[in-house]
Amino acid sequence: MAIRTQESFSGFVASDPQLTRTENGDARLFMKVGKEHYRQEEDGSFTQLETTFHNLVAFKAAAEQGHARLAKGDKFVAEGYVREYTYQRGGQAVDGEEFVARRLGHDMARTRYDVDRTPRRAADRDAAAFTSPEHRPVSQSPAAVSM
C-alpha cells in the first residue's frame, strides 16, 4: 500500500490567529505566517536570508484547535496544500496563494511543552483496547536462557 503524503509548511505565526465562520457555519482560521530562509556557506555556516510571509487558513476542527493552541510567535508545522486564487483590487485581477492546513500543530523541534495524555471523551471507550508500548504490562514469566 502506498504512503499518502501531502505538502507541508513550517514556520512561525506572524499575526494573531483570527477565527471566523464560513457561510455554512464552519470554523475558519486565518493567520499570517513567516518562513525563515537560510543559505549554507562553503565553510558549513549558515547565513539568514530574507524572511517571507504567507497566508495560512484552516477549516473546521483544524481551525478550532489551531485557534485554541497557537499564538503569535509560535513555531508550527502544517500539513495541507497550496491554493491559488484570483481576486479584484482596484479593478485589477490580482493572483494570490494561501496554504490550506488540514493538520496543524506546534513544531516539536522548536517548541518546549508538556503533553497531556489523559483520555478525551470519544477516546475513553477505545483507550482500553490500546496500551501504548511504554505502558504495556511486563510479563512475569521466567526468562529463557540458552547455552
### Summary
Among residues of region 36-70 being surrounded by 11 or more Cβ atoms within 10 Å (Cβ to Cβ) and charged (D, E, K, R), the residue farthest from the chain's Cα centre (by Cα) is GLU36
### Query
Given the conditions (1) touching a Gly at 6+ places or on another chain (Cβ under 8 Å); (2) part of a loop (DSSP other than H, G, I, E, B), and given that ALA109 satisfies all but one, which numbered condition is not satisfied?
(1)
### Task
State all residues of region 6-34 that are of a type outside the set (Asp, Glu), over 14 Å from the mean Cα position of the chain (by Cα) and surrounded by fewer than 14 Cβ atoms within 10 Å (Cβ to Cβ); if no residue qualifies, say none.
GLN18, THR20, ARG21, THR22, ASN24, GLY25
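Taken together, the values in this text are just the output of simple stated rules run on the coordinates, not laboratory data. Every value quoted in this text rests on a predicted model; they were computed, and no experiment measured them. Note that we place each Cβ from the backbone using ideal geometry, even for glycine, and neighbour counts take in every protein chain shown.
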